[in-house]
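Take a look at the structure set out below.
The values are calculated or read from the model by the stated rules, or taken from the named source; none is laboratory data. If you're wondering where the values come from, they're calculated on a predicted model, not measured in any experiment. Neighbour counts are summed over all protein chains in view; Cβ atoms, including those assigned to glycine, are modelled from backbone coordinates with ideal geometry.
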Amino acid sequence: MDLEDVLIDSALQLSALSRQAAELGHHGLVGRTREEFFRNGWGRHLIPARYGIGNGRVLGVNGMMSSEADVIFYDALDCPKFLPSESTIFPSFGVHGIAEIKSTLDKRELEDAVVKIETFKRLYDDDPQTAPFGSRHVMRALFDPRPFGIVFAFDAATSLTTLMANLLEAEEQMQLAHRCDLIVINNV
């Protein structure tokens, strides 16, 4: 068994689920269904159990709040959730990162994701850096505890070269610490 083959098979399964979601026809419903496939199907099997996967908003120690994130990776053992619903509020000190899920990545969707990631990462500008604070610092000891922001798309509307040019344009004025860390396009 080859790890690459296992990952390719997982990507193909996710593609099949994505095509099924497209049959729902309603744009918002298709998007929510694909987010759910990512969180509860694929993501739950690839992410270690000590990390939770949810969605909602992140509340920073500075009192600011992120935009709604499609996927939030948090410390499942020590991070409280402030609303007892599917979409909740997570305190920033227990969040490891977020992902924005896109059905088809084009310039507009990429810009939307980049802005949401920047807003999320700004929460950590006032985060205590000199002493352990919250589970994120404990789990990432000796590293910069700034969380990650990724974009996951099921497909791309343009070439990778065009997407890269759009990304560079969208992030041109951003601080390096606020930029997107990874973009994954499942069908490319």
Going by what's in this entry, would Asn62 be described as at pLDDT below 90 and in a strand (DSSP E or B)?
no
Out of (1) of a type outside the set (A, V, I, L, M, F, W, C); (2) surrounded by fewer than 17 Cβ atoms within 10 Å (Cβ to Cβ); (3) at pLDDT below 95, the one Arg108 does not meet is (3)
Sole miss for Pro132 among (1) modelled with pLDDT of 80 or more; (2) loosely packed, with under 15 Cβ neighbours inside 10 Å; (3) over 17 Å from Thr119 (Cα atoms) is condition (1)
